[in-house]
Amino acid sequence: MVLRLLVFLVFQLAGAAAGWWLAGPWGAAAGAALGAWPWLAWDCWRGARVLAWLRRAQDAGSEQEPGSPPGAPPPRVPGVWGEAAERTARLLRQGRQRELAGNARLQDILAALQASPNGVTLLDAQGRIEWCNQVAQEHFGIDAGRDTLQSIGNLVREPAFAAYLASPDPAPGVLLPGRASSSARPVRLDVRLHPYGDGRRLLLSRDITQLEQAEAMRRDFVANVSHEIRTPLTVLVGFVETLQNLPLAEDERTRYLGLMARQGERMQRLVQDLLTLSRLEGSPLPGLHEWLDAGRLVRQCCEEGQALSAALTPGGQAGHVFSLPTPAQLQAAGEVAGAPAELHSALANLVNNAVRHTPAGGRISVSWQPLPDGGARFSVSDSGPGIAPEHLPRITERFYRVDRSRSRDTGGTGLGLAIVRHVVQRHGAQLHICSTPGQGSTFSVDFAAGRVRAAAPGAARTPAAP
Ligand code: ADP
């Protein structure tokens, strides 16, 4: 500022000196007054340059995309105007950097909200959509591009949602059908509002379809288990009371005790199958480090099936007609990798099912064959009643039975195929069921090439039986 005054004085003195030289003392006074004008003009010119640059910077700033580089550098003018321009430019640069950092942070936060597995919608104080992520768009069937600043109440027209939106207490949330919900594929949403800021609201939506299905399955499972245990228990208690209160003949007593033993065995089998299922769910996946003799495994399952057939066939009647792999085929079966007890349980279940569900005299065929891709197929076919197509999608569910009384009469628990499905999945294999009502069924398990190998001569192998 001192320099500015000095320069001004120099201009006036120069004018005064020129006036003195030309016209004496009056000329000096007039020269000093006139000398200030060039300085003023020069100063205005510098100020105008700085102002023009500021205007350009302002225009460029309003048109600039957020995050674009700063505009032209400040004009190089001497004196206070130059310093003011320089300082303004520095302030502008700092402001721009802060804006860039804030913008990057906002993008990070939006990207995090976008990555959320739940739907996130930001509503303004009037309930209009300010922003929503992709999941929310799918949940409510909205389009962020088209529906931003639209009222959410106009887009989601469920009465329960309208009531919830208007309610003063958003805490309990509301359950709604998702936009993609249909009777074949229901979608259930848990929707909650959370107030924030100045009357704004955060709308969170969570797909709870699977959670609800799992909960329903758990309830059904508990009800089924209770029912399965209650039936034999009721029979047992009834027989015990009869034995306690009635004077029975010896043969009657023996018959009742036999029936009681059957009910006890039924409960035992049920508990055993439940334990097997819970072990399957809780244990680590079987690896490739344990190889067992596939031929021996198949032979064992066949022998157990034949024993069951004999036990189920009343004396004097012809049992089932078995078609089993020859010893040479069993020898060539090679090895399969997996948990011995699990594989035995699954394959034996399939053979036992064929025996139990095929009337005496029916045909049952068991085979182990190599597949073209290097894998192997274990397959059990029977000439039993077959399974109608509508039952096939649910046949491996726990306690699902086509013929409830036949299943019980032959000692079934309704858990056999659920165990088979679990074991097959755990071994990365595929279960195929082919059935024609009235003609029979074929259950096959395809093992992948990585789980099957030719028997190494003299290699130590795990026995197939558990
Ligand atoms: P279960 O103990 O009743 O046999 P599973 O889970 O093993 O239970 O089988 C479920 C249902 O599938 C059976 O009740 C039966 O209706 C049907 N099923 C299974 N295997 C056969 C088969 N080989 N032939 C006909 N139906 C079968």
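The values are calculated or read from the model by the stated rules, or taken from the named source; none is laboratory data. Keep in mind the model is a prediction, meaning the values are calculated, not measured. Positions of Cβ are backbone-derived with ideal geometry, glycine not excepted, and every protein chain shown enters the neighbour counts. Note: areas computed on protein heavy atoms with side chains; ligands, DNA, RNA excluded. Shrake-Rupley method; radii C 1.70, N 1.55, O 1.52, S 1.80 Å.
Of the strands (runs of 3 or more DSSP E) lying entirely inside segment 306-398, those containing at least 1 residues that are out of contact with any Gly (no Cβ under 8 Å at 6 or more places or on another chain) and more than 16 Å from the ligand (Cβ to nearest atom) are 335-337, 363-370, 376-382. When restricted to residues that are surrounded by 16 or more Cβ atoms within 10 Å (Cβ to Cβ) and within 14 Å of Leu203 (Cα to Cα), segment 139-152 contains 4. Is it the case, given these coordinates, that His344 is open to solvent by less than 40 Å² (accessible area, probe 1.4 Å), touching a Pro at 6+ places or on another chain (Cβ under 7 Å) and touching a residue at least 40 places away in the same chain (Cβ under 8 Å)? Considered against the rule, which asks whether it is open to solvent by less than 40 Å² (accessible area, probe 1.4 Å), touching a Pro at 6+ places or on another chain (Cβ under 7 Å) and touching a residue at least 40 places away in the same chain (Cβ under 8 Å), His344 comes out as yes.
Identify, please: which residue in segment 419-440 is out of contact with any strand residue (DSSP E or B) (no Cβ under 8 Å at 6 or more places or on another chain) and touching a residue at least 60 places away in the same chain (Cβ under 8 Å) and is, among those, nearest to the ligand (Cβ to nearest atom)? If we take residues in segment 419-440 being out of contact with any strand residue (DSSP E or B) (no Cβ under 8 Å at 6 or more places or on another chain) and touching a residue at least 60 places away in the same chain (Cβ under 8 Å), then Ile419 is nearest to the ligand (Cβ to nearest atom). Could you check segment 277-286 and list, in sequence order, the residues that are open to solvent by less than 30 Å² (accessible area, probe 1.4 Å) and assigned to a helix (DSSP H, G or I)? Leu277, Leu280, listed by residue number.
Only one of the numbered conditions (1) open to solvent by 60 Å² or more (accessible area, probe 1.4 Å); (2) closer than 30 Å to Glu397 by Cβ is not met by Pro168, and that is (2). Taking Ala16 as the residue in question, decide whether it is modelled with pLDDT of 90 or more, more than 30 Å from Arg206 (Cβ to Cβ), of a type in the set (A, V, I, L, M, F, W, C) and open to solvent by less than 50 Å² (accessible area, probe 1.4 Å). In short, yes. Do we have Arg128 as in contact (Cβ under 8 Å) with a residue 24 or more places away in the chain and open to solvent by 50 Å² or more (accessible area, probe 1.4 Å) here? It is true that Arg128 is in contact (Cβ under 8 Å) with a residue 24 or more places away in the chain and open to solvent by 50 Å² or more (accessible area, probe 1.4 Å). None of Leu175, Leu189, Leu203 is outside any helix (DSSP H, G or I), under 23 Å from the mean Cα position of the chain (by Cα) and free of Cβ contacts under 8 Å to residues at least 40 places away in the same chain except Leu175. Taking segment 287-303 as the range and being open to solvent by 20 Å² or more (accessible area, probe 1.4 Å) and not charged (D, E, K, R) as the test, the residues that pass are Gly287, Leu288, His289, Trp291, Gln300. Tell me, which residue of segment 74-109 that is over 58 Å from the mean Cα position of the chain (by Cα) and touching a residue at least 24 places away in the same chain (Cβ under 8 Å) is surrounded by the fewest Cβ atoms within 10 Å (Cβ to Cβ)? Among those that are over 58 Å from the mean Cα position of the chain (by Cα) and touching a residue at least 24 places away in the same chain (Cβ under 8 Å), it is Pro78. Would you please name the residue that is farthest from Pro314 (Cα to Cα), looking only at residues in segment 441-460 that are open to solvent by less than 40 Å² (accessible area, probe 1.4 Å) and within 11 Å of the ligand (Cβ to nearest atom)? Taking the candidates together, the pick is Phe443.
Screening Ala318 against (1) buried (at least 20 other Cβ atoms within 10 Å of the Cβ); (2) over 19 Å from Leu417 (Cα atoms) leaves a single unmet condition, (1). Look at Leu312 and say whether it is under 20 Å from Gln369 (Cβ atoms) and not aromatic (Phe, Trp, Tyr). The answer is no for Leu312.
Kindly check whether there is at least one residue in segment 399-418 that is near the ligand (Cβ under 8 Å from one of its atoms), over 24 Å from Pro232 (Cβ atoms) and surrounded by 16 or more Cβ atoms within 10 Å (Cβ to Cβ). No, segment 399-418 contains no residue that is near the ligand (Cβ under 8 Å from one of its atoms), over 24 Å from Pro232 (Cβ atoms) and surrounded by 16 or more Cβ atoms within 10 Å (Cβ to Cβ).
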